[in-house]
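The values are calculated or read from the model by the stated rules, or taken from the named source; none is laboratory data. Predicted, not measured: the structure shown is a model, and the values here were computed from it. We place every Cβ from the backbone using ideal geometry, glycine too, and count neighbours over all the protein chains shown.
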Amino acid sequence: MQEMMKKRALQLLQDGTVERVLAWKTGEFSYDITPAVFESAEEIEKDFVYDAFCAANLSKYLVALSKKEGKTLAFLKPCDSYSFQQLMKEHRVDRDNVYIIGIACDGKADADKIKDSGIKGIKNIADNGDKLVVETIYSESTELDKKDFLAERCLNCKSRKVVIYDEMIGENGEVLDSNRFDMVEKIEAMTSEERFEFWQNELSRCIRCNACRNVCPACTCEKCVFDNDASGIANKAAANSFEENMFHIIRAFHVAGRCTDCGECSRVCPQHIPLHLLNRKFIKDMNEFYGEYQAGEDLETRPPLVNFTMDDVEPSIVNEKGGKE
Amino acid sequence: MQIEKKEFKPTIVAFCCNWCSYAGADLAGTNRLNYPADVKIIRVPCSCRVNPMFILRAFQRGADGVILCGCHPGDCHYTTGNYYARRRMTLLFSMLDFLGIERGRTRVEWVSAAEGAKFAQTMNEFVETIISLGENKRLEDLRCKK
Amino acid sequence: MENKQQLTEQILRMSGVNARKCMRCGKCTATCPSFDEMEYHPHQFVYMVEKGDIEPLMKSESLYTCLTCFACVERCPRNVEPAKLVEAVRLAVIREQGANHLKPQDLPELWDEDLPQQAIVSAFRKYSK
Amino acid sequence: MQKIGVFVCWCGSNIAGTVDVHAVAETLKKEPGVVFSTDYQYMCSEAGQNLIKDSIKEYGLTGVVICSCSPRMHENTFRKAAQSVGLNPYMVEVANIREQCSWIHKDMATATEKAVILGRAAIAKVHLNAPLTAGESPVVKRALVIGGGIAGIQTALDIAEAGFEVDIVEKSPTIGGKMAQIDKTFPTLDCAACILTPKMVEAAQQEKIKIYSYSEVDEVKGFVGNFSVKIRRKARYVNEDICTGCGVCTEKCPQKKVPNEFNLGMDNRRAIYIPFAQAVPKVATIDPNYCTMLKTGKCGVCSKVCTAKAIDYTQKDEFVEAQYGAIVVATGFNPISLEKYDEFAYSQSPDVVTSLEYERLMNAAGPTSGTLLRPSDLTHPKTIVFVQCVGSRCDGGDKGKPYCSKVCCMYTAKHAMLTREKYPDTDVYVFYIDVRTPGKNFDEFYRRAVEDYGVHYIKGMVGKVVPQDGKLKVQASDLLSNEQLHIDADMVVLAAAIEPDKTARPLATMLTASMDTNDFFTEAHPKLRPVESPTAGVFLSGMCQGPKDIPETVSQASAAAAKVIGLLAKDKLTCNPCVAHSDEQLCNGCSSCEKVCPYGAITYQDKEFRMPNRTVAVRRVASVNPAVCQGCGACTVACPSGAMDLNGFSNRQIMAEVDAICK
């Protein structure tokens, strides 16, 4: 896969179709991979990486890159392609300036899960198809089944379909039936008190590093309301539980109907707060109340929050359908 | 030592659209229909003007309940405003419920300009609900407490 | 009275029909090929279900003169689907039939030493309401 | 910091009876920014207003809070008072301490406490108020009427009568619309042509009216007071200005087999035609779908016989661009297609006709020259069955229209009555679900049909119609006698539901006027603004808004005209200054606001922005047209970045009120 992608990237860069390539390169560790823009063949030859740890959603970078002179080649995974198409829908990216190669994806691995399994001193993790080969500083080498170490969002993958691309590498997948709302349902089944406790426990860990916001492809505001002194709700570090709640409720609300459920927020959260559950709660509600809707799936359908029908459910539905009292 | 038990006087913010519900509240007044003074009304042009931010802000600053009143669906002065408000509030309330905030603290009611009695009755009911729920503890900001 | 209401609800649930949608235009009856054979005609059928008069319908031969041709379902401007009501009442009759077949007081007469107890239990399940 | 004056009104004892007004004034005096605070018996009285005016001058107030009755009552009074002494009227806020305080509370202490809080909220808001100036936009003193039926004609005539120019755009070659096809009108039974054609002529002769017949609206831009409309004048291959309407060409044209739409295809016309004798404009039109010359280049008979030399086979569609201050939609209706209702055998037998076809069969200018003959064999029908509610009052979706078409009961009574009158030997049956006759002299009319003319009204519906041996076997129910009837009829007349014209939907999109699910235009308010569309400057006339009969259509047409005249009489429109505005620095151009705007007031532009690193970036940003925005605020919440805000009800103002109340 990596070689095919590399070859194609070099071709497109050399024949002048694109000016730059948006992909991934290795960060501090082999399993810590970071998005990268390559502008020359040398850079690609040197650093281009694609493996089970290329989890970052690249679509958001295209907001800026697609405004640059010349085309950008972007490798988009199914998740990224939904985000990209949603950004197109909001006129945030210039489609004509992006050459998209869709890449088939069968899930990304979660390095934290490997660490949590008790392997210490990881030096390198190699992606061997279905297997992950972990080398440690104790010069041990362990072979792991990749499927046992998939990220949560990949275990509940909603779609393996790249929805927008100029060409594909690998076979494009299908929209899947996922169990992604199971956890939301589990929380709904708690009592109101328990839910409150649950979220207090989660959100109180928030250090307001803004990683969730900065990585989110739906959060592409020129200036976030929380950074804008004139908005009246500008706020840096949360001073108390109210402000923790406030930030995450408003953030989830602002991306409601626009969130493609790519799961980046939870992936990057250094405090491991399951932020995607807030987004999924909105998605689940919108699906139930207003019909199935998947942000980024197409360019035409109106997002639920800027749409209505005359016989929509009343807000009192929460009393019947909400979580346990 | 005896601790004096203070009677709980809730703070309730009612957002009312200018065309229907605010006029309905006026009618309740004209007809001298009583409801608790705990309810304070804020006039907005349309229910769709109410940003979820305002509701959270009210809780932060010490409100114990927030109610939004607008024209009946289909009667909006701006034709479609309350339809959007309905969706926004449905989702917001569901989210607050999901986060474990007592669901009785928020409410939407459609009150027309002719429904003075309904306005008063709604407010009476709502205040009763809030009193039974007690003080807003889960969404409070202690810095803003008296 | 309660029984009557229960029965009506059961019929409505089984058929999935909302009898209140009927606007009494009579197109079902106008279109019915078995009209002449019927005691209660399709529009009456809908009306009686709506009122809760299920008993007379259950006793009526009309139930079996309906050909289930679905012309009424096809033509009804309000999607009331009378034929589905007829079918539901038929089912209700079938379900009630068991009640007449086996009563506890009949048992001593039918008693047989070799009859396993389980058979009696299942017979009750099968033949009584 | 604002310098705020607080004025607490007693309203006689209305407020002062339960609120300690003096205490309120004293307490509010301590609020930040308040430089003057007082109470007075009647603030709205002249003396009260003078008190406000004098204080504004004396203390140099920049903001005023009046604690009094509902702002819905006297906000304007106080704003005007402030304006008269040079304070921007939008610096005045009213705290409602009567309807929402003194009148609903009995306990003085409670009411006073609440009045203070309401006053504080108003003060908090005024702190953030900014002077607002209502914009003005010029009004083009010309109206456009889309549709030239009776609704459009009446509206145009009324507007022209008031001295304003009006253009009518009509898609068919003549104005007149459906009413021209109708034989007689209920409940008076006067001839439709006799009352319509003089109006058509009047419209043609009225100097202020310009008729664009055989034309369609292609594009609409602009907003109230200043719409820019592109009109497509379809090529009729006849020079309208030269043609005398002599009609020789329409007799000589060799292409004789063209279904005549005026008679609903029940007879034929030529490829060059004048729709009917009283057509306005009375000029010929060539039907390009049938003309041999246009299709094959061989013929040219009409050109040869035309003494005026009006025929021009090379004509092309032309475009006219014009400016209008107001647009009236009068696009009318059509009977629905009856394909779905095969049980009535409409497509199987020519003797099953729609009511509009029946109308033509009764009409002297119709295919049978006014003698009632059944289409299949041209014999006199002896038994006629009328079926009501065909496709009306259905469950929606596939079954048909959910609404009542409103006119069918009455025209069927008319048809039945006229038939019995002219041909007393004919048996007439009307199958009905309900007979709906609200209207002046309507029920009397229906009773006459039953009592004086012996029309058989039967409560029940027709189930099926089967053409057999030259008869139509009608199977129907009689619900009152619980019978199934079998009638051998000679003709069956179906009262087909009506639906808005198909051109209405794309037009609504162009106008950003909203429509209901049945494609009827929606009104700005169903009760109080029934002839205006929610889009400012767009008005509704006739059936395009909902089913209605001729008298109702004409009343609505005149009402729409009155609204248009009221608009055009103004030189400038004062806009509501409490409108949304977008902060371009914050706007992402995501289009969420545009999607929720009911008025189409938001547009996008690519704008250049200087970036901190001295580069220039181009960004798509929203801008609000203040002349079109009505200030609902839907966009402000749809906007995730907070770029969109509302004048007079800004995020910060509302939050300041919230803070003051919850403190």
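Which numbered condition trips up B:ALA85, out of (1) under 14 Å from B:CYS17 (Cα atoms); (2) surrounded by fewer than 23 Cβ atoms within 10 Å (Cβ to Cβ); (3) not polar (S, T, N, Q)?
(2)
Just to be sure, is B:GLY100 under 14 Å from the mean Cα position of the chain (by Cα), within 19 Å of B:ILE55 (Cα to Cα) and small (Gly, Ala, Ser)? Before the answer, list the steps.
Values: under 14 Å from the mean Cα position of the chain (by Cα): no; within 19 Å of B:ILE55 (Cα to Cα): yes; small (Gly, Ala, Ser): yes.
No: the conditions fail for B:GLY100.
Which of the residues that make up segment D:555-610 are of a type in the set (A, V, I, L, M), out of contact with any helix residue (DSSP H, G or I) (no Cβ under 7 Å at 6 or more places or on another chain) and over 22 Å from D:GLY225 (Cβ atoms)?
The one that is of a type in the set (A, V, I, L, M), out of contact with any helix residue (DSSP H, G or I) (no Cβ under 7 Å at 6 or more places or on another chain) and over 22 Å from D:GLY225 (Cβ atoms): D:LEU586.
Within the group D:ARG447, D:ARG420, which residue is of a type outside the set (Phe, Trp, Tyr), surrounded by fewer than 16 Cβ atoms within 10 Å (Cβ to Cβ) and modelled with pLDDT of 95 or more?
Working: D:ARG420 fails: surrounded by fewer than 16 Cβ atoms within 10 Å (Cβ to Cβ).
Going through D:ARG447, D:ARG420 in turn, the sole match is D:ARG447.
Any idea how many residues of segment D:480-533 are within 17 Å of D:GLU216 (Cβ to Cβ) and surrounded by fewer than 15 Cβ atoms within 10 Å (Cβ to Cβ)?
Residues of segment D:480-533 within 17 Å of D:GLU216 (Cβ to Cβ): D:500-511, D:513.
Next cut, surrounded by fewer than 15 Cβ atoms within 10 Å (Cβ to Cβ) only: D:502, D:505-506, D:509.
Of the residues in segment D:480-533, 4 are within 17 Å of D:GLU216 (Cβ to Cβ) and surrounded by fewer than 15 Cβ atoms within 10 Å (Cβ to Cβ).
If D:ASN588 meets every condition in (1) in contact with a Ser or Thr (Cβ under 9 Å, 6 or more places away or on another chain); (2) over 30 Å from D:GLN154 (Cα atoms); (3) assigned to a strand (DSSP E or B) apart from one, which number is that one?
Of (1) in contact with a Ser or Thr (Cβ under 9 Å, 6 or more places away or on another chain); (2) over 30 Å from D:GLN154 (Cα atoms); (3) assigned to a strand (DSSP E or B), only one is false for D:ASN588: (3).
Looking only at segment A:281-318, filter to residues that are at the interface with chain B (Cβ under 9 Å from one of its Cβ atoms) and of a type in the set (Val, Ile, Thr); which one of those is nearest to the chain's Cα centre (by Cα)?
The residue in question is A:VAL306.
Would you check if A:ALA238 is over 21 Å from A:SER59 (Cβ atoms), in contact with a Cys (Cβ under 7 Å, 6 or more places away or on another chain) and in the same structural domain as A:ILE283 (by TED's automatic domain parsing)?
Yes, satisfied.
Residues that are at pLDDT below 95 and farther than 30 Å from B:GLY116 by Cα: find the strands (runs of 3 or more DSSP E) completely inside segment D:64-150 holding 2 or more of those. Can you show your working first?
Details: elements: D:92-96, D:136-138, D:142-146.
The strands (runs of 3 or more DSSP E) meeting that bar are D:136-138.
This table checks each residue for (1) touching a strand residue (DSSP E or B) at 6+ places or on another chain (Cβ under 8 Å); (2) of a type in the set (A, V, I, L, M, F, W, C).
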site: D:PRO71; (1), (2): yes, no
site: D:GLN83; (1), (2): no, no
site: D:LYS106; (1), (2): no, no
site: D:GLU113; (1), (2): no, no
site: D:ILE117; (1), (2): yes, yes
site: D:ALA124; (1), (2): no, yes
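Test D:ASP218 against the criterion of being touching a Lys or Arg at 6+ places or on another chain (Cβ under 9 Å), under 25 Å from D:PRO335 (Cβ atoms) and surrounded by fewer than 22 Cβ atoms within 10 Å (Cβ to Cβ), and give yes or no.
On the way: touching a Lys or Arg at 6+ places or on another chain (Cβ under 9 Å): yes; under 25 Å from D:PRO335 (Cβ atoms): no; surrounded by fewer than 22 Cβ atoms within 10 Å (Cβ to Cβ): yes.
Spelling it out, it is not the case that D:ASP218 is touching a Lys or Arg at 6+ places or on another chain (Cβ under 9 Å), under 25 Å from D:PRO335 (Cβ atoms) and surrounded by fewer than 22 Cβ atoms within 10 Å (Cβ to Cβ).
Would you pick out the residues in segment D:361-382 that are under 41 Å from the mean Cα position of the chain (by Cα), loosely packed, with under 15 Cβ neighbours inside 10 Å and of a type in the set (A, V, I, L, M, F, W, C)?
D:ALA364 - this is the single residue of segment D:361-382 that is under 41 Å from the mean Cα position of the chain (by Cα), loosely packed, with under 15 Cβ neighbours inside 10 Å and of a type in the set (A, V, I, L, M, F, W, C).
Answer yes or no: is there a residue in segment D:637-658 that is over 23 Å from A:CYS224 (Cβ atoms), at pLDDT 95 or above, touching a helix residue (DSSP H, G or I) at 6+ places or on another chain (Cβ under 7 Å) and not in a loop (DSSP other than H, G, I, E, B).
So far as segment D:637-658 goes, yes, one or more of its residues are over 23 Å from A:CYS224 (Cβ atoms), at pLDDT 95 or above, touching a helix residue (DSSP H, G or I) at 6+ places or on another chain (Cβ under 7 Å) and not in a loop (DSSP other than H, G, I, E, B).
Take the residues in segment A:252-275 that are in contact with a Leu (Cβ under 8 Å, 6 or more places away or on another chain) and within 14 Å of chain B (Cβ to nearest Cβ), then tell me which one is nearest to A:ARG208 (Cα to Cα). Before the answer, list the steps.
Pass one, segment A:252-275, residues in contact with a Leu (Cβ under 8 Å, 6 or more places away or on another chain): A:252-253, A:256-257, A:265-266, A:269, A:273.
Filter once more, keeping what is within 14 Å of chain B (Cβ to nearest Cβ): A:252-253, A:256-257, A:273.
Details: A:ALA252: 15, A:PHE253: 17, A:ALA256: 20, A:GLY257: 23, A:ILE273: 11 Å.
That would be A:ILE273.
Is it true that D:VAL435 is at pLDDT 95 or above and crowded, with 22+ Cβ neighbours inside 10 Å?
Values: at pLDDT 95 or above: yes; crowded, with 22+ Cβ neighbours inside 10 Å: no.
No, not satisfied.
Can you name the condition, by its number, that C:CYS25 falls short on among (1) hydrophobic (A, V, I, L, M, F, W, C); (2) farther than 15 Å from C:ALA92 by Cβ; (3) touching a Pro at 6+ places or on another chain (Cβ under 6 Å)?
(3)
A:GLN86 fails exactly one of the following numbered conditions: (1) free of Cβ contacts under 8 Å to residues at least 40 places away in the same chain; (2) within 14 Å of chain D (Cβ to nearest Cβ). What is the number of that condition?
(1)
Residues to consider are D:PRO598, D:PRO640, D:PRO577; find the one that is more than 10 Å from chain B (Cβ to nearest Cβ), closer than 23 Å to A:PHE253 by Cβ and either buried (at least 18 other Cβ atoms within 10 Å of the Cβ) or touching a residue at least 60 places away in the same chain (Cβ under 8 Å) (or both). Even if it seems obvious, please write down each step before you answer.
On the way: D:PRO598 fails: more than 10 Å from chain B (Cβ to nearest Cβ); D:PRO577 fails: closer than 23 Å to A:PHE253 by Cβ.
None of the others qualify; the one that does is D:PRO640.
With respect to the numbered conditions (1) farther than 15 Å from D:LEU264 by Cα; (2) not in a loop (DSSP other than H, G, I, E, B), which one is the sole condition not fulfilled by D:GLU359?
That leaves (1) as the condition not met.
Condition first: outside any helix (DSSP H, G or I) and under 28 Å from A:PRO78 (Cβ atoms). Now tell me which residues in segment A:240-264 satisfy that.
Going residue by residue through segment A:240-264, those that are outside any helix (DSSP H, G or I) are A:240, A:256-263.
Passing the criteria: A:ALA256, A:GLY257, A:ARG258, A:CYS259, A:THR260, A:ASP261, A:CYS262, A:GLY263.
Which residue is surrounded by the fewest Cβ atoms within 10 Å (Cβ to Cβ), if the candidates are limited to segment D:169-186 and must be assigned to a loop (DSSP other than H, G, I, E, B) and not charged (D, E, K, R)?
Of the residues in segment D:169-186, the ones assigned to a loop (DSSP other than H, G, I, E, B) are D:170-176, D:182-183, D:186.
Filter once more, so that each one left must be not charged (D, E, K, R): D:172-176, D:182, D:186.
Working: D:SER172: 18, D:PRO173: 25, D:THR174: 23, D:ILE175: 26, D:GLY176: 28, D:ILE182: 23, D:PHE186: 26.
Here the residue is D:SER172.
Under 6 Å by Cβ, and 6 or more places apart or on different chains, what pairs join a residue from segment B:37-53 that is part of a helix (DSSP H, G or I) with one that is among the polar types (S, T, N, Q)?
Pairs found: B:SER47/B:ASN82.
With segment C:1-106 as the region, which helices (runs of 4 or more DSSP H) entirely inside it contain at least 3 residues that are surrounded by 13 or more Cβ atoms within 10 Å (Cβ to Cβ) and not hydroxyl-bearing (Ser, Thr, Tyr)? Reasoning before the result, please.
Details: elements: C:2-15, C:27-31, C:42-51, C:54-59, C:62-65, C:71-75, C:82-97.
In segment C:1-106, the matching helices (runs of 4 or more DSSP H) lie at C:2-15, C:27-31, C:42-51, C:54-59, C:71-75, C:82-97.
From the list D:ARG614, D:ARG652, D:ARG620, D:ARG610, exactly one residue is more than 31 Å from the chain's Cα centre (by Cα), at positive phi and more than 10 Å from chain B (Cβ to nearest Cβ). Which is it?
Being more than 31 Å from the chain's Cα centre (by Cα), at positive phi and more than 10 Å from chain B (Cβ to nearest Cβ) holds for just one of D:ARG614, D:ARG652, D:ARG620, D:ARG610, which is D:ARG614.
With D:ALA192, D:ALA162, D:ALA203, D:ALA130 as the choices, which residue is surrounded by fewer than 19 Cβ atoms within 10 Å (Cβ to Cβ), closer than 30 Å to D:LYS440 by Cβ and of a type in the set (A, V, I, L, M, F, W, C)? Break it down into steps so the answer makes sense when it comes.
On the way: D:ALA192 fails: surrounded by fewer than 19 Cβ atoms within 10 Å (Cβ to Cβ); D:ALA203 fails: surrounded by fewer than 19 Cβ atoms within 10 Å (Cβ to Cβ); D:ALA130 fails: closer than 30 Å to D:LYS440 by Cβ.
Checking each option against the conditions leaves just D:ALA162.
From (1) touching a helix residue (DSSP H, G or I) at 6+ places or on another chain (Cβ under 6 Å); (2) surrounded by fewer than 23 Cβ atoms within 10 Å (Cβ to Cβ), pick out the condition that doesn't hold for D:SER623.
Tallying (1) touching a helix residue (DSSP H, G or I) at 6+ places or on another chain (Cβ under 6 Å); (2) surrounded by fewer than 23 Cβ atoms within 10 Å (Cβ to Cβ), D:SER623 fails exactly one: (1).
Taking into account only those residues within segment A:195-239 that are assigned to a helix (DSSP H, G or I), without any contact (Cβ under 8 Å) to a residue 12 or more places away in the chain and within 14 Å of chain B (Cβ to nearest Cβ), which is surrounded by the fewest Cβ atoms within 10 Å (Cβ to Cβ)?
Checking each candidate, the answer is A:ASN201.
Quick check on my filter: what residues within segment B:97-146 are touching a helix residue (DSSP H, G or I) at 6+ places or on another chain (Cβ under 7 Å), aliphatic (A, V, I, L, M), part of a helix (DSSP H, G or I) and within 14 Å of chain A (Cβ to nearest Cβ)?
Residue satisfying the conditions is B:LEU133 alone.
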